[in-house]
1. Please compute the modelled spin-label separation between residue 145 and residue 125, points set 7 Å along Cα→Cβ, answer in nm with one decimal.
2. As an exercise, use a Förster radius of 41 Å and the Cβ-Cβ distance of residue 236 and residue 97 to find the FRET efficiency, rounded to the nearest 0.05.
3. Place a +1 charge on the Cβ of each Lys and Arg in the stretch 106-233 and a -1 charge on the Cβ of each Asp and Glu, then give the dipole magnitude about the Cα centre in debye, rounded to the nearest 20.
4. Net charge around residue 344, counting only other residues with Cβ within less than 9 Å of its Cβ (Lys, Arg = +1; Asp, Glu = -1)?
5. May I ask you to derive the FRET efficiency for residue 177 and residue 23 from their Cβ-Cβ distance with R0 = 45 Å, giving the value to the nearest 0.05?
6. Whenever you get a sec, line up 205, 163 from highest to lowest accessible area (probe 1.4 Å, protein heavy atoms).
7. Which whole-Hz ³J(HN,Hα) couplings does the stretch 374-389 yield from phi under the Karplus relation 6.51 cos²θ - 1.76 cosθ + 1.60, θ = phi - 60°, glycine and proline marked x?
8. Can you send over the solvent-accessible area of residue 266, 1.4 Å probe, protein chains only, in Å² to the nearest 10?
Amino acid sequence: MKTVRKLGIALAIALGSTTAVAQKDPPITLDTHVDIPFAYMREARFDFGKQTPLQVDLDKMQRGGLDAVFFIVYVDQGPLTPKGWAHAVAQARTKYDDIDLMLKAYPDQIRLARTPDDVRTNKAAGRLSAMIGVENGYSLGHDIKNLDAAFARGARYVGLAHMGNNDLCSSSTPEADLGDTPLPEYSITDFGRSVVKRANQLGIMVDVSHSSDACVREVLALSTSPVIASHSSARALDNHPRNLSDDLLRAIAAKGGVIQAVAVQEFIRLDPARDLAMKALQAQVAKQTGDKSFASEKHEYLPAYIDGMKRIDAALPPPNVDDYVAHIKHMVEVAGIDHVGIASDFDGGGGLAGWNDATQTRNVTAALRRAGFSDADIAKIWGGNLLRVWGEVTQRATANHAN
């Protein structure tokens, strides 16, 4: 499970100038990366339509003015064996089922969007849109037929990798525990190439976030459609391997794609002291509950963790929404205004002072205005660019099918 790093309530309130409400909402606000727990919709605390501890739920989206979200089918990286692949496929199936439960429970409030036009139709009807993204192609179980199955269930982008190399490509963050070497021994595999080709044919956006630089370059050369980075920020401002270099930002833009800046603290500003403090807190909370390691679904809602995060936030403040927009501004300067978008990574590690859940969506719009972006620019960044790329990927797939 991805480690979730939420901020304390105090920082969410004490935002200073970042609380300014935008004068006008963009036409569509779209977030390309929101995670869901494995108990989603199966436990009352994770019921999308109720008051939840999640950063994104029905009430928070409605209050904050967040129109559309890619909910993520994510599985952790595991062994590249038949048993490992079977387990990953089963975990992914559970998340598809959970998203279905949410959509069936609240059809008047939120509906699945399989096309960009569905998003626009839902907005016009006063409904929210749910889309599906796949994070970590490991969940395809080394079987290309599972990509077709994912498309049938509504998946409209596929992220090739996560933390740790897999059977598709090398990761930007190899994992020693998985037997990865510090430097990638490969960029993309034959199976990875087949996934890119089939995604182009189906109309699934290929997502290079988490992939190694070498893999990103291979994908850009292979893909016949624009490519996205669903949640990656600028390496020039934060030298983290998960972020993208200026050269890669330009290359994705040259292909017609879009890079969605991500609001994860360590990808906005490196802060070793804060990172160590959080890891120490997580280890302490896990030990107190008799567990070997920290698990977000079990531990992050416990009073000991919540109180500990408040102390860390007070002593070592996290980046804020203006720091986040600085990444967007740099990315726009490098890649162009038509090639940058927004991703929170909420409920999977995302959250900044000023933008810590969906109720604070308008704080991002206000920060974009403070940074000098026009309403037309903001409309592109908040959803227009992603919808354009999604539409082009869909049209190319349809044209190829017709031929």
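The values are calculated or read from the model by the stated rules, or taken from the named source; none is laboratory data. Everything numeric in this text was worked out from a predicted model, so none of it was measured. Positions of Cβ are generated from backbone atoms using ideal geometry, with glycine treated the same way; all protein chains shown enter the neighbour counts. Ligands, DNA and RNA are excluded from the accessible area calculation, which covers all protein heavy atoms including side chains. Shrake-Rupley method; radii C 1.70, N 1.55, O 1.52, S 1.80 Å.
1. Result for the modelled spin labels: 3.4 nm.
2. 0.50
3. For the stretch 106-233, the charge dipole is close to 780 debye.
4. -4
5. 0.35
6. So, going from the largest accessible area down, we get 163, 205.
7. The phi angles translate into 7, 4, 5, 4, 5, 4, 5, 5, 7, x, x, 5, 5, 5, 5, 5 Hz.
8. In the full protein context, residue 266 sits at about 60 Å².
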